[in-house]
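The values are calculated or read from the model by the stated rules, or taken from the named source; none is laboratory data. What you are looking at is a predicted structure, and each value in this text was computed from that prediction instead of being measured. Positions of Cβ are backbone-derived with ideal geometry, glycine not excepted, and every protein chain shown enters the neighbour counts. For accessibility, only protein heavy atoms count, side chains too; no ligands or nucleic acids. Shrake-Rupley method; radii C 1.70, N 1.55, O 1.52, S 1.80 Å.
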Amino acid sequence: MSTKQQAAVPQTQRGGIVPKGKPKNAAAGQRRALGDIGNLVAARAVVVEGKPLPQISRPITRSVAQLIANAQAQNKKPVDIAVDVPVRKARVRETKPKVVVKPKPEEVIEISPDTNEVTKEKSTSKKNRKKAVNTMTSVLTARSKAACGISEKLKDPPVPDIDASDVGDQLAVVDYVEDLYKFYKLVENSCRPHDYMGSQVEINEKMRAILGDWLIEVHHKFELMPETLYLTFHIIDRYLSMEQVLRRELQLVGVSSMLIASKYEEIWAPQVEDFMCISDRAYSQGQILGMEKSILNKLEWSLTVPTPYVFLARFIKAAMCDKEMEHMVFFFAELGLLQYSMVTHCPSMFAASAVYAARCTLKKTPLWTDTLKHHTGFSETQLMDCAQILVNSHSATPEGKLKAVYKKYSSVELGAVALHPPAIKMLGS
């Protein structure tokens with residue numbers, strides 16, 4: 001605004017128009033002071049003597065109306081002034097960071113099949129709970145229940161982890177070894193031979209025992225793997241349970257079965273010529289290969305089966321035994337291969353009975369541990385019949401004619417475990 005315009009505008013004083021004699025600077029100060037007041041009104045332009053006045057914001061008071069009337073009386077001209085309804089001055093929003101208010105946690109309602117809706121208690125209520133105090137009454141009540149035999153049973157101690165030492169060994173397959181043996185237990189009965197001696201015309205149990213004693217000697221002479229021996233007996237029993245065999249072909253069945261097992265288990269399997277020589281050339285190469293083909297077709301080439309050796313390896317580990325105990329277990333297991341009565345028992349019970357008979361012979365205490373019960377799945381009473389057969393066989397071996405197993409385990413290399421006295425008294429036979 002120019003100086004002339006400032007001079008033409010009547011300046012305001014405290015609530016009104018400043019008289020003409022007042023200095024301009026005082027009016028300017030009053031205008032600046034009024035401009036600082038927030039609760040002002042925006043007035044429209046006032047025309048005085050034909051010149052528009054600037055818009056001045058002033059409060060609506062009675063003094064303002066009186067001053068306007070005085071000014072109109074002096075100038076003799078109408079003065080138009082319009083005063084708007086007081087409007088609150090808009091406030092400038094300050095850019096402050098928004099405060100995020102977390103909603104209060106809602107109560108969660110659980111619906112269970114036994115009850116209706118159960119509201120969860122707040123965490124603060126848990127802190128206010130009182131700690132249980134063992135009073136004299138509670139102690140006497142617990143003793144009374146224990147005396148009456150109605151107290152709660154204590155939880156069984158945890159079973160030791162027998163695979164803890166083999167965590168770094170990839171061949172031990174610690175991650176899924178338990179699943180493997182659960183599978184073995186499921187399928188061991190699906191491929192087990194049944195009682196077949198009643199259907200055989202020319203062979204009997206004694207002939208089978210003679211064949212088995214000779215095969216154990218051949219296996220030891222060829223230095224084959226133990227898996228090969230147990231698979232050989234499995235193939236023989238399965239084939240004899242499905243096919244009638246003549247007496248003169250029984251040894252041929254045994255030789256061909258060991259050839260098949262060697263090809264399945266060994267890295268370097270013996271040749272057909274080796275089996276011809278070991279059988280004193282009683283059979284030709286064509287006869288051995290022909291019987292091999294006949295056996296495989298009859299078994300439908302199904303050779304991946306859990307033999308007793310599979311369970312022996314696991315149960316020996318569960319027994320946490322030394323080398324002498326291990327040799328004694330295999331001694332009883334090979335004695336069991338010669339016993340036809342063991343064919344009707346599942347491989348896992350066969351293996352567990354060998355472990356139990358070995359512990360009885362070496363007088364281990366306890367005879368059957370919780371770890372063995374857990375991993376074998378058999379109690380001590382369930383193994384008594386099979387273990388009795390093995391102990392009786394041990395007792396009769398020194399004076400019997402079939403001494404291949406006895407001579408093998410009488411050697412120093414295998415701990416001479418066969419020389420231990422049999423545990424006949426311990427088993428009550």
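Going by the structure shown, is residue 283 out of contact with any Leu (no Cβ under 6 Å at 6 or more places or on another chain) and of a type in the set (Phe, Trp, Tyr)? I'd like the intermediate steps shown before the answer.
Working: out of contact with any Leu (no Cβ under 6 Å at 6 or more places or on another chain): no; of a type in the set (Phe, Trp, Tyr): yes.
Taking the combined requirement at face value, the residue does not satisfy it.
Show the residue pairs meeting these rules: Cβ distance below 6 Å; 6+ apart or different chains; first residue within segment 340-365 and more than 16 Å from residue 379 (Cα to Cα); second residue of a type in the set (Asp, Glu) and in a helix (DSSP H, G or I).
Every condition considered, the pairs that remain are 340/205; 343/237.
For residues in segment 301-339 being free of Cβ contacts under 8 Å to residues at least 60 places away in the same chain and not in a helix (DSSP H, G or I), which is least open to solvent (accessible area, probe 1.4 Å)?
321
Does segment 393-408 include one or more residues that are surrounded by 15 or more Cβ atoms within 10 Å (Cβ to Cβ), touching a Lys or Arg at 6+ places or on another chain (Cβ under 9 Å) and modelled with pLDDT under 95?
yes
Tell me whether segment 288-311 contains one or more residues that are farther than 21 Å from residue 265 by Cα and more than 32 Å from the chain's Cα centre (by Cα).
No, that holds for no residue.
Would you confirm whether or not segment 231-247 contains a residue that is open to solvent by 10 Å² or more (accessible area, probe 1.4 Å) and small (Gly, Ala, Ser)?
Scanning segment 231-247, I find at least one residue that is open to solvent by 10 Å² or more (accessible area, probe 1.4 Å) and small (Gly, Ala, Ser), so the answer is yes.
Helices (runs of 4 or more DSSP H) wholly in segment 171-257 with at least 2 residues that are of a type in the set (Gly, Ala, Ser) and at pLDDT 95 or above - which ones?
Qualifying helices (runs of 4 or more DSSP H): 205-222.
With farther than 25 Å from residue 311 by Cα and not acidic (Asp, Glu) as the only criterion, which of 222, 275 stands out?
Testing whether each residue is farther than 25 Å from residue 311 by Cα and not acidic (Asp, Glu) leaves just 275.
Given the conditions (1) closer than 22 Å to residue 213 by Cα; (2) touching a residue at least 60 places away in the same chain (Cβ under 8 Å); (3) in a helix (DSSP H, G or I), which single one is not true for residue 402?
Condition (3) is where residue 402 drops out.
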